[in-house]
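Chemist: Before I ask anything, let me first share the structure, which is written out below as structure tokens.
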């Protein structure tokens with residue numbers, strides 16, 4: 001089956017390499033002929049193009065990278081949408097796609113165009129409540145008349161995306177339930193499949209740990225056998241609550257003097273250290289390390305616990321943070337706040353982490369008391385949770401099932 005996959009995220013970005021390419025490689029292996037349009041940021045593209053092109057060529061995926069336009073706000077996105085539609089139309093004339101698979105809202109403009117003009121089956125893979133994220137993240141200020149108009153325009157298009165989609169993919173069951181509760185979303189019943197952000201269980205495995213890499217990191221970071229490591233994995237941006245996480249660590253370090261907070265991130269080290277100094281955390285207790293994807297298992301192997309506090313806002317019910325599947329695959333329990341995607345249900349079912357009820361010292365103390373209940377022998381249970389819920393192979397099977405169902409529909 002011929003499929004056009006459109007992503008506004010770049011394949012040379014870490015997200016594209018973890019959450020797009022592995023899926024598409026698996027689907028290509030099942031016989032689907034896939035063309036890929038993505039929008040690449042200049043710096044990442046210059047350094048990563050050759051490697052990504054090699055991977056995609058090996059998996060018989062035809063790649064059409066376009067340059068991402070950063071500014072001015074809104075107008076740059078409109079320009080990218082126009083270019084996206086023109087490219088999609090040109091490829092449709094050439095390849096006669098059966099399905100257009102759109103990753104999030106911006107690509108859905110091109111998907112809707114192909115659906116209306118050529119009758120291509122349209123998959124709206126929402127990835128989250130994108131419009132509400134603009135509000136919750138204070139990116140769009142509705143008191144500004146311009147952004148108020150932009151919001152109303154996108155809400156109107158959102159209704160059309162849901163109404164015209166042949167299939168919808170949601171990251172969480174909570175988001176699916178929320179969508180189904182909306183009135184006047186679509187004149188027809190909605191086909192919705194829940195597929196969380198999945199994890200490459202072969203990479204994120206204790207079997208993938210390199211002792212040479214591990215020893216190198218251990219010496220560089222000054223980690224000893226009795227060091228207790230709390231880990232944060234990933235970027236620190238709009239949604240992650242750095243001050244609250246540092247506040248938790250400060251209380252934890254008063255209980256565990258041997259504790260250190262390891263940030264595995266490409267963020268600026270100085271920015272993290274400046275924040276930690278405001279919390280009066282000794283500089284030696286903060287470790288910051290960049291990591292390539294293949295190095296992550298070795299670096300994560302030091303972790304006793306991981307943490308991610310995420311802003312508890314409406315749009316986050318639709319989020320499935322990639323890091324949780326990767327951590328569980330490595331047998332690492334995590335600390336998170338309630339109300340993020342399906343995490344409450346996952347923690348309850350698999351007993352694989354601790355949920356904080358708030359961001360106060362009392363709430364943190366309650367979490368710290370519970371940390372002692374976790375044992376090294378629990379790692380097999382955490383791995384099982386990842387295999388059952390976050391498996392990449394399982395995600396590929398679900399996407400393939402959606403594709404096959406659309407083939408049988410007239």
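Chemist: If only one of 216, 222 is at pLDDT 90 or above and on the phi > 0 side of the Ramachandran plot, which one is it?
Modeler: 222 is the lone residue from the list that is at pLDDT 90 or above and on the phi > 0 side of the Ramachandran plot.
Chemist: Which condition number in (1) touching a residue at least 60 places away in the same chain (Cβ under 8 Å); (2) out of contact with any strand residue (DSSP E or B) (no Cβ under 8 Å at 6 or more places or on another chain); (3) not assigned by TED's automatic domain parsing to the domain that holds residue 167 is the one that residue 327 fails?
Modeler: (2)
Chemist: Looking only at the range 103-120, which residues are over 22 Å from residue 19 (Cα atoms) and in contact with a strand residue (DSSP E or B) (Cβ under 8 Å, 6 or more places away or on another chain)?
Modeler: Within the range 103-120, 112, 114, 115, 120 meet the criteria.
Chemist: I've got another one for you. When the residues of the range 107-128 are filtered to those that are at pLDDT 95 or above and assigned to a loop (DSSP other than H, G, I, E, B), which remaining residue is farthest from residue 174 (Cα to Cα)?
Modeler: 119
Chemist: For a quick check of your reading: which helices (runs of 4 or more DSSP H) sit entirely within the range 190-292 and have at least 3 residues that are surrounded by 12 or more Cβ atoms within 10 Å (Cβ to Cβ) and touching a residue at least 60 places away in the same chain (Cβ under 8 Å)?
Modeler: Those helices (runs of 4 or more DSSP H) span 211-221, 242-255.
Chemist: Right, something else. Give 153, 162 a once-over and let me know the one that is touching a strand residue (DSSP E or B) at 6+ places or on another chain (Cβ under 9 Å), assigned to a helix (DSSP H, G or I) and closer than 27 Å to residue 184 by Cβ.
Modeler: Values: 153 fails: touching a strand residue (DSSP E or B) at 6+ places or on another chain (Cβ under 9 Å).
None of the other options fit; the residue is 162.
Chemist: Working carefully through the options 400, 304, 361, 345, find the one that is in contact (Cβ under 8 Å) with a residue 24 or more places away in the chain, under 25 Å from residue 224 (Cβ atoms) and surrounded by fewer than 22 Cβ atoms within 10 Å (Cβ to Cβ).
Modeler: Among 400, 304, 361, 345, only 304 is in contact (Cβ under 8 Å) with a residue 24 or more places away in the chain, under 25 Å from residue 224 (Cβ atoms) and surrounded by fewer than 22 Cβ atoms within 10 Å (Cβ to Cβ).
Chemist: Condition check: surrounded by fewer than 20 Cβ atoms within 10 Å (Cβ to Cβ) and either in contact with a helix residue (DSSP H, G or I) (Cβ under 9 Å, 6 or more places away or on another chain) or assigned to a loop (DSSP other than H, G, I, E, B) (or both). Does residue 37 satisfy that? Explain how you work it out, then say what you get.
Modeler: Numbers: surrounded by fewer than 20 Cβ atoms within 10 Å (Cβ to Cβ): no; either in contact with a helix residue (DSSP H, G or I) (Cβ under 9 Å, 6 or more places away or on another chain) or assigned to a loop (DSSP other than H, G, I, E, B) (or both): yes.
When the stated conditions are applied, residue 37 does not pass them.
Chemist: Ok, one more. Scan the range 166-189 for residues that are assigned to a helix (DSSP H, G or I) and either in contact with a strand residue (DSSP E or B) (Cβ under 7 Å, 6 or more places away or on another chain) or without any contact (Cβ under 8 Å) to a residue 40 or more places away in the chain (or both) and jot them down.
Modeler: Hits for the range 166-189 are 173, 176, 177, 179, 180, 181.
Chemist: Just checking, which of 74, 61 is buried (at least 19 other Cβ atoms within 10 Å of the Cβ), in contact with a helix residue (DSSP H, G or I) (Cβ under 8 Å, 6 or more places away or on another chain) and in the same structural domain as residue 399 (by TED's automatic domain parsing)?
Modeler: Going through 74, 61 in turn, the sole match is 61.
Chemist: With the requirement that a residue be closer than 17 Å to residue 403 by Cβ and not in a loop (DSSP other than H, G, I, E, B), what does the range 8-24 give you?
Modeler: Start the filter on the range 8-24 by keeping residues that are closer than 17 Å to residue 403 by Cβ, which leaves 20, 22-24.
Matches in the range 8-24: 22, 23, 24.
Chemist: Starting from residues that are in contact (Cβ under 8 Å) with a residue 40 or more places away in the chain and out of contact with any strand residue (DSSP E or B) (no Cβ under 7 Å at 6 or more places or on another chain), keep the ones in the range 30-58 and report whichever is farthest from residue 109 (Cα to Cα).
Modeler: 30
The values are calculated or read from the model by the stated rules, or taken from the named source; none is laboratory data. Note that the coordinates shown come from a computational prediction; the quantities given were computed from them, not determined experimentally. Neighbour counts run over all protein chains shown; Cβ positions are idealised from the backbone, glycine included.
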